[in-house]
Amino acid sequence: MSLSYQYSEKNREKQVKSTFRCSSNIALVKYWGKKPEGIQLPANPSISFTLKDLYTETTVSVLGANTSGAPEFDFLFEGQPKPSFIPKLTDFFNRILPDYAILREFYLQINTSNNFPHGTGIASSASGFGALACCLAELEQVHTGQPVSIEKISKTARLGSGSACRSMFELPAIWGAHPLVKGSNDEYAIPFKSNIHEVFTDMMDAVLIVDAGEKSVSSTVGHGLLKGNPYASARYEEATLHLTEICTALETGNMTDFIRIVEQEALQLHAMMMLSNPYFILMRPATLSVIEALWAFRKETKIPVMFTLDAGANVHLLFPGIHNQQVKNFIEGQLLDYCQNRQYFCSAIGSAPIPIQ
Ligand code: 2P0
């Protein structure tokens, strides 16, 4: 991480700031369910691709001295105050307060914006907490003179939103202890360490905006639905097996296995919501129409394009970049009628957070 400013006692009164761009990510093996103990620890391991072209940019500025020792901050979303975000941010800052002197000593201003339109159903908590963690780490590093490790930054992001800890790497990110993945753990994400087969090195993600509305189930509530759920332990075992299998597929280039695992994971995530109490169906009729059209297109063309889903109705189409034009023609010719306002966003895969000068 580069330091843009050398902090010293003499410029304590000056404004010091840090700006980072951090990408969103899409899970291939899904994190759904938290361990009962600890804070924001996953019940099963997950792996994701970062979405290079869907990102948050955040600036954290030091405005003055902290007078209370508790977190003191202003929050601006696209330049405007956003009071609805304050409780989640306050919880986050309280969690990390012991680890960040800058939070105890300074009054901060956070100014954040996404490059994807608000109200498209694209989750911004991963990119948002990822970018915020990077800014805080840079300010802490400048203030204390002590390096802040990538593990600490990933852990910090996790304490804001679990999936955010995976947005730190250009390579696929694995979060959650897995017996066969060396270094994997629940506290922070690690990059996929083996060689990735060339068929997966230029993957792309087209996000079809099937439902631009607010999610009917917040992630926090969704994770909670697995508590006491009789199917939860089977689901955690499946996710663990899928992680083993997808790591092998990434190395060997087995696209058939990769597609099966990615689509099974999406459907299992949604199945868990249907099997919960209370129960939810987060797919919309258009979600199923897109999936059926995709399966027909794949069968006819043999192009390895697959779907995955987040905890909502939007459909992510993953495919090797070499097929970009054919997939674009397919989307624009057959799928846009299923998208709200005919909207979709395309992103390349892979990007670590970038400091912005
Ligand atoms: C994931 N999701 O692995 C899964 C799949 C959505 C579907 O992680 O409570 O916002 O902040 O830890 O990370 C969304 O949940 O939840 C999520 P918290 P988060 O990406």
Give me the percent of DSSP beta bridges within the chain that run antiparallel, rounded to the nearest 5.
90
Run the Debye formula on the Cα coordinates of the chain, all scatterers equal and no solvent, and tell me log10 I(q)/I(0) at q = 0.07, 0.13, 0.15 1/Å.
-0.30, -1.01, -1.31
About its Cα centre, what dipole magnitude does the chain give when the only charges are +1 on Lys and Arg Cβ and -1 on Asp and Glu Cβ, stated in debye to the nearest 20?
280
For LYS215, counting only aspartates and glutamates whose alpha-carbon sits under 14 Å away and dropping same-chain residues fewer than eight positions off, the answer is ASP310
Check cross-link reach from LYS302 to the aspartates and glutamates: straight Cα distance under 12 Å, and skip same-chain residues fewer than eight apart.
none
Cα long-axis angle, helix 232-252 against the chain (0 to 90 degrees, to the nearest 10)
80
Relative to the longest principal axis of the C-alpha atoms of the chain, give the angle of the C-alpha long axis of helix 285-301, reported between 0 and 90° and rounded to the nearest 10°.
60
Efficiency of FRET from Cβ geometry, LYS299 and ILE356, R₀ 41 Å, rounded to 0.05
0.40
Determine the distance separating the Cα centre of the range 53-127 from the Cα centre of the range 225-264; give it in Å without decimals.
34
Report the net charge of residues surrounding LEU335, where surrounding means a beta-carbon distance below 12 angstrom and charges are Lys +1, Arg +1, Asp -1, Glu -1.
-1
Considering only Cα-Cα distances, which of the following residue pairs are longer than 21 Å: LYS52/LYS328; LYS34/LYS193; LYS52/LYS299; LYS82/LYS227; LYS152/LYS182?
LYS34/LYS193; LYS52/LYS299; LYS82/LYS227
Treat each spin label as a single point 7 Å out from the Cα along the C-beta direction, and report the SER194 to THR256 distance in nm.
1.9
Please report, in debye to the nearest 20, how large the charge dipole of the range 139-283 is about its Cα centre when each Lys and Arg carries +1 at its beta carbon and each Asp and Glu carries -1 there.
480
For LYS88, list the aspartates and glutamates whose Cα falls under 15 Å from its own Cα; do not include residues on the same chain fewer than 8 positions away.
GLU72, ASP74
With the label point 7 Å along the Cα-to-beta-carbon line of ASP53 and a cut-off under 14 Å to each amide N, the hits in the range 313-330 are 317-329
Please list 240-250, 58-68 highest first by mean number of surrounding beta-carbon atoms within 10 Å per residue.
240-250, 58-68
Under the definition of Cα pairs under 8 Å and six or more residues apart, what whole-number percent is the relative contact order of the chain?
23
From the phi angles alone, apply the Karplus equation (6.51, -1.76, 1.60; θ = phi - 60°) to the range 346-357 and give each ³J(HN,Hα) in whole Hz, x where the residue is Gly or Pro.
10, 9, 6, 9, x, 5, 7, x, 10, x, 10, 7
Given only helices, namely DSSP H runs of n ≥ 4 each adding -39500 (n - 2.57), what is the per-residue ellipticity at 222 nm of the chain, to the nearest 500 deg cm²/dmol?
-10500 deg cm²/dmol
Ignoring ligands, DNA and RNA, please state the percent of accessible area on the chain from carbon and sulfur, probe 1.4 Å.
53
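The values are calculated or read from the model by the stated rules, or taken from the named source; none is laboratory data. Quick caveat, the model's predicted, so the values are computed rather than measured. Glycine also receives a Cβ, built like all others from the backbone with ideal geometry; neighbour counts cover every protein chain displayed. Surface areas here come from the heavy atoms of the whole protein model, side chains and all, with no ligands, DNA or RNA. Shrake-Rupley method; radii C 1.70, N 1.55, O 1.52, S 1.80 Å.
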